[in-house]
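Inspection log for the structure reproduced underneath, given as structure tokens.
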């Protein structure tokens with residue numbers, strides 16, 4: 001690692017498990033101190049914080065429901081109280097309706113939950129942490145989106161709609177917080193997290209079909225997402241804001 005985030009403070013939502021945990025430790029390897037947010041994965045968050053500490057960085061654990069503004073204010077305040085600032089926010093939390101295998105299975109409750117987590121929760125985090133970044137004079141926000149915005153999702157249309165919403169938030173806050181704070185979205189393709197590996201469609205042939213369609217001929221592991229997140233969080237991308245970067249092995253090639 002190159003120390004591109006040396007002594008910066010990063011807040012990663014949903015860092016108690018899966019992709020968020022990998023991102024949190026990846027940022028620590030680049031020199032960042034980490035606020036490990038979780039909603040329900042307390043044991044996982046403590047394990048991630050311990051790993052950050054073993055890497056020689058400082059870590060705190062912060063619990064909260066990002067769909068509740070009071071919780072968002074509280075966990076942001078905890079981060080600032082401990083470290084004095086937040087330099088990087090990674091909005092990793094999202095709900096892709098993984099248990100839904102067809103648009104025919106949509107429920108009103110499922111729609112409401114995905115939209116609340118992916119759009120409202122992301123917006124509250126950007127709004128609260130971004131305001132703090134303005135006050136401190138700088139910062140970078142990386143939203144974890146999805147390639148689904150380019151191709152849609154017949155399996156879960158509410159998920160595609162929610163990730164389109166994240167693009168709208170990215171552009172809006174990139175303009176609102178400029179030139180002090182940069183806001184970008186990373187759009188991974190399929191990532192073999194524990195959730196993905198447990199999906200019924202993934203276990204019944206979809207993985208093989210996706211692999212055949214991917215030019216780089218591999219499915220991403222969580223570690224493959226860390227580098228692009230670090231790029232967008234660091235000064236390497238200092239002239240990039242309001243952007244959408246695809247990271248999917250070439251499965252989706254977006255032209256001008």
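How tilted is helix 42-54 with respect to the longest principal axis of the chain? Cα atoms for both, answer in degrees (0 to 90, nearest 10).
60 degrees
Could you compute how fast the range 4-63 diffuses translationally, taking Rh as the Kirkwood radius over C-alpha pairs and applying Stokes-Einstein at 20 °C with viscosity 1.002 mPa s? Give it in µm² per second. If you can, show how the numbers build up before the last one.
Values: Rh = 10.5 Å.
Estimated via Stokes-Einstein, D reaches 204 µm²/s.
How many percent of all Cα-Cα pairs in the chain sit more than 26 Å apart?
Considering the chain, 35 percent of its Cα-Cα pairs are separated by more than 26 Å.
Any idea what the relative contact order of the range 132-222 is, in percent, if you count C-alpha pairs under 8 Å spaced at least 6 apart?
Worked out over the range 132-222, it gives 32 percent.
Taking only Cα atoms, what is the 0 to 90° angle, nearest 10, from helix 18-29's long axis to the longest principal axis of the chain?
40 degrees
Once both axes come from the Cα atoms, what is the angle between helix 223-233 and the longest principal axis of the chain, in degrees from 0 to 90, rounded to 10?
Result, in degrees: 50.
Only Cα pairs under 8 Å and at least 6 apart count here; give the relative contact order of the chain as a rounded whole percent.
It rounds to 19 percent for the chain.
When you count, for each residue, the other Cβ atoms within 10 Å and take the mean per peptide, how do 108-114, 33-39, 181-187, 219-225 rank with the highest first?
Those peptides, ordered most packed to least, come out 33-39, 181-187, 219-225, 108-114.
Quickly rank 95-101, 236-242 as a protection proxy: mean count of other C-beta atoms within 10 Å, highest first.
So the order, starting with the most tightly packed, is 95-101, 236-242.
So if the hydrodynamic radius of the range 51-163 is defined as the Kirkwood radius over C-alpha pairs, what does Stokes-Einstein give as its diffusion coefficient at 10 °C and 1.306 mPa s, in µm² per second?
For the chosen part, D equals 102 µm²/s.
Ignoring everything except DSSP H segments at least 4 long, calculate the 222 nm mean residue ellipticity for the chain; use -39,500 (n - 2.57) per segment, divide by total residues, nearest 500.
Mean residue ellipticity, 222 nm, calculated: -13000 deg cm²/dmol.
Could you give log10 I(q)/I(0) at q = 0.16, 0.17, 0.18 Å⁻¹ for the range 65-119, computed by the Debye formula over C-alpha point scatterers of equal weight, without solvent?
The calculated log intensity ratios at q = 0.16, 0.17, 0.18 Å⁻¹ are -0.62, -0.67, -0.71.
Once you place label points 7 Å from the Cα toward the Cβ at residue 217 and residue 42, how far apart are they in nm?
Spacing of the two 7 Å Cα→Cβ label points: 4.8 nm.
Order of 41-50, 195-204 by packing, highest average Cβ count within 10 Å first?
41-50, 195-204
Enter the Cα centre distance for the pair the range 30-62 and the range 152-224, rounded to the nearest angstrom.
Using only Cα atoms, the two centres lie 24 Å from each other.
Each reported figure results from applying straightforward, stated rules to the coordinates on display, with no laboratory input. Being a predicted model, the structure only gives us computed values, none of them experimental. Here the Cβ is made from the backbone with ideal geometry for all residues, glycine too, and neighbour counts use every protein chain on show.
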